[in-house]
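A short reminder: the numbers here are calculations on the coordinates, not readings from a lab. Quick caveat: nothing in here was measured; it's all calculated off a predicted structure. Virtual Cβ from ideal backbone geometry, glycine too; neighbours counted across all protein chains shown.
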């Protein structure tokens, strides 16, 4: 709209030039604000997710990465933590992942929204393979890659603190490849399920259930890779490659270990986070983007 207004002026006078320049500057500023909205809403999503879901994430990680927790229930693992460290123990590893969680979710949503917008603008006719929007698939994968780039070191520190194992700063990228693989397909799946939900449910799901259901489906899609990532970063499975750990988890039937507390965490954390994300995005758009420039 702003560029259209600029093109309406055919006068070559300095007044027209200044008007066009002001409109173009306003257009560029609006684009920057749209980026800011996407990243800020993602930041709010990440912070909320960690605050709400960290205790169950600690239980889930211990079930996946501590050999002594094998075969034990989520309640048993949680009880052990509380008896030894109190409720504070359930938030072990929370500080780095709170900072990182806000940042990497900001990256995943920000990159996803901006890549999808750019693709939509360049190719208005979205190709579909059955019910799947391939533009959503591509943008979701990019969002997952962005998350993986940021998350790796924070996730390593979180896991090491959760399993109470020492670490050094030169190790923080250990398991980053596994994190990248998991995240690429995790967020791509999340984006796909959100798109499918809007097709299946007339009017779409409420923010809470959209976040909860789509996130749970995405996690179930990539859960074996999450088990592998946690084991690599824990340091308890030294000398084993990503493939060896994946095959091993299939053989010993531990590929879905920690799934129950993981899904409970995901339901609460992602449901609440999507509510916050929606409210922040809506409020920022109302404040900064609704004025007809």
Helix 94-122: angle to the longest alpha-carbon principal axis of the chain, degrees 0 to 90, nearest 10? 40 degrees
Work out, step by step, the length gained on full extension between residue 200 and residue 128: first 0.36 nm times the residue separation, then minus their alpha carbon distance; give nm to one decimal. 24.4 nm
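Before rounding to the nearest 500, sum -39500 (n - 2.57) across all DSSP H runs of length at least 4 in the chain and divide by the residue total; then give [θ] at 222 nm in deg cm²/dmol. Intermediate results must be reported in sequence, preceding the final value.
On the way: 9 runs with 222 residues, N = 293.
Calculated mean residue ellipticity at 222 nm is -27000 deg cm²/dmol.
Using a Förster distance of 35 angstrom, determine the FRET efficiency expected from the C-beta separation of residue 288 and residue 264, and round it to 0.05.
Numbers: r = 36 Å, r/R0 = 1.04.
The formula returns an efficiency of 0.45 here.
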Extension reserve of the residue 209-residue 247 stretch, reckoned as 0.36 nm per residue once the Cα distance is removed: 10.3 nm
Of the candidates 123, 237, 193, which one comes out as most mobile in a Gaussian network treatment of the chain with C-alpha springs shorter than 10 Å? 123
With springs only between Cα atoms under 10 Å, which of 221, 48, 267 fluctuates most in a Gaussian network model of the chain? 221
Considering the Cα positions of the chain, please state its Rg to one decimal place and its Dmax as a whole number of Å. 22.1, 79
Between the alpha-carbon centers of the range 58-90 and the range 123-170, tell me the distance in whole angstrom. 26 Å
By how many degrees, between 0 and 90 and to the nearest 10, does the Cα long axis of helix 259-288 differ from the longest principal axis of the chain? 20 degrees
Compute the long axis of helix 176-200 from its Cα atoms, compare it with the longest principal axis of the Cα atoms of the chain, and write down the angle in degrees, 0 to 90, nearest 10. 60 degrees
Spin-label point model (7 Å from Cα, Cβ direction): what's the residue 36 to residue 170 distance in nm? 4.2 nm
Between 46, 258, 117, which gets the highest mean-square fluctuation from a Gaussian network model of the chain, Cα cutoff 10 Å? 117
